[in-house]
Structures are given as C-alpha cells and as structure tokens.
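Data first, discussion second: the structure below is written as structure tokens.
The values are calculated or read from the model by the stated rules, or taken from the named source; none is laboratory data. Quick caveat, the model's predicted, so the values are computed rather than measured. Virtual Cβ from ideal backbone geometry, glycine too; neighbours counted across all protein chains shown. Please note that ligands, DNA and RNA were not included when accessible areas were found on the heavy atoms of the full protein model with its side chains. Shrake-Rupley method; radii C 1.70, N 1.55, O 1.52, S 1.80 Å.
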Amino acid sequence: MALGDLYTNVQLLLRWLHVIAGITWIGHLYFFNFVNVPLQGVLDDATKKVVNPKLMPRALWWFRWGAMITFLAGLILFTLTYMYTPGQGFGPNQLFRNADGLTGRAVWILFGMLLGFIMWFNVWMIIWPTQKKLLSGQVPADQIAAARKKAGFFSRVNTYLSGPMLFGMLAPAHYGAVNPLTLVAATALGSIAIWHSISVSSKVGTSV
Ligand code: HEM
C-alpha cells in the first residue's frame, strides 16, 4: 500500500486503535471474571476493605474507557470500511451489499457489532453506574448484595458474549462466507470456551 494512500493509512490506524482498546477492555473483563471473582471469594473482609477501594477504581477506569474507545473506533471503522468508497463518497459499498443482497462479510460484522454494542451498553449503562454507586457508598446497606449481584450478572453476560463476538470481528476479513451453521458453531464454540475458563478459574493458578 502506498504511504500516500490516506484512506488505507487512516483505516490501519483505526484498526490498530480499535484492537488495542479492545484488548484493554476485554483483558480487564477477563481479569474481573477469571481472577478477581475467585480471589474475592477467599479474601477476608478486613483485606477486602484495604484492597478493593484501591484496586477497583483503577481497574474500572481502564475497563470502561477501553470499552468506549473500542466502540467509537469500531463505528468509524465500520463507516470507512462498509459505508464509504474512496473517490465516490458515503453510502453502502460492495463489501456491504452486492446484487444478491447483504454480503457474508457484512453479516459477520453486523453479528459481531450487535454483540459488541450489547456489551458496551452493559458496561456504560449498568455495570459502571452500579459499581460507581457501590464504591462511593451510595447504596443502602440492605441493597448492597442485590447491587453486587446485578453488576456481577451483567459482567458474566458480557464475558459469555465476548467469545462469539470475537468470531464476528475476525470472520469478515479472514473468512467472509457465512451460513446459519457457521454462525451457530461460532456462537457455541465462543460460549463453550468462556464457560470452560469460568469453570476452571477457581482452581487454576492457586499455587506456583
Ligand atoms: C463495541 C463494538 C464494536 C464495534 C462497533 C466493532 C467494529 C468493528 C469493525 C467495523 C471491524 C472491521 C471489520 C472488517 O474489517 O470487515 C472490526 C474488526 C475487529 N474488531 Fe471490532 N468492534 C467492536 C468490538 C470489538 C471488541 C470488544 C474487540 C475485542 C478485542 C474487537 C476486536 C476486533 C478485531 C480483532 C478486529 C479484526 C481486525 C482485522 O482483522 O483487521 N472489536 N470491529
């Protein structure tokens, strides 16, 4: 690719930003679900009171801003990749639809983006507002357990969605073709990988 090709270079830069922010987001999501949930189960209350107020705000900062940058960079990347043709301007291009309708590539990315959007929504509209109230002591004592349960449930949902979501991110450029069976297989495989990681998380890495 020519260094002077602005479209290609901007797209590469956005792709990089999108993926590095995605790693930051999902890395923290996995830290919460695979490491911190089992860890909290074995810490005593006194230790939790010292560790959590210092750990959680930091981890939640990287988590939620990683989610926001991933989402925004992803939307711009989508517009440039599927809704723009250099020299012609904005509008669905051939990667998005052809004479037969939506392309396989478009179906994959719409699948991935739908799951990614649900995950972003859960972070910014449910998990973070709930955690913020918990960490700043705004939740009445009798509602703390329910608030923790709510944040934990949506964090688990996001962890499960991340498996199939990543197939939806990778398949457009590296696989392309789509049929209902591949979508079902990607969803099943992604979810099983997450289920397995959660199942072993309380047992692995407990000693060197
Ligand atoms: C939050 C909503 C998200 C949106 C709107 C979005 C959007 C996109 C778009 C439009 C592409 C380009 C697809 C193509 O080239 O045809 C893409 C690729 C990709 N996305 Fe996302 N994405 C989201 C979430 C995520 C997350 C959470 C991750 C986690 C790491 C991620 C990782 C990737 C990867 C690895 C690629 C492939 C890059 C490549 O092969 O060139 N995305 N995404």
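A few notes on this one:
- Accessible area of the chain divided out per residue, in Å², using a probe of 1.4 angstrom: 61 Å²
- Placing pseudo-labels 7 Å out from each Cα toward the beta carbon at T8 and L135 gives an inter-label distance of 4.3 nm.
- Surface listing: S155, S207 arranged by accessible area from highest to lowest gives S207, S155, probe 1.4 Å.
- Gap separating the Cα centres of the range 69-132 and the range 3-24, nearest whole Å: 15 Å
- Only Lys, Arg (+1) and Asp, Glu (-1) charged, at Cβ; the range 92-208 dipole about Cα centre in debye: 340 debye
- Of all accessible heavy-atom area on the range 12-143, the percent that carbon and sulfur account for (1.4 Å): 69 percent
- Residue-averaged [θ]222 nm for the chain, counting only DSSP H segments that reach four residues, each worth -39500 (n - 2.57): -24500 deg cm²/dmol
- Each residue, R156 and V200, gets one label point 7 Å from its Cα in the Cβ direction; the gap between the two is 2.1 nm.
- 10 Å-binned pair-distance histogram of the range 141-202 (Cα, whole percent): 20, 38, 25, 13, 4, 1
- In sequence order, calculated HN-Hα J values of the range 45-57 (Karplus, 6.51, -1.76, 1.60; Hz; x Gly/Pro): 4, 5, 5, 4, 5, 7, 6, 4, x, 8, 7, 5, x
- Sequence of Y82, Y160 when ordered by accessible area, the most exposed leading, probe 1.4 angstrom: Y160, Y82
- In this calculation the C-beta distance from Q88 to F117 is compared with R0 = 22 Å, giving a FRET efficiency of 0.20.
- Sparse packing (at most 16 other Cβ atoms within 10 Å of the Cβ) combined with a DSSP loop state is found for the following trypsin sites (Lys or Arg not before Pro) in the range 104-203: K203.
- Proximity of backbone amide H atoms, modeled 1.01 Å from N, is registered between R97 and T103 at under 5 Å, excluding neighbours fewer than 5 places apart on the same chain.
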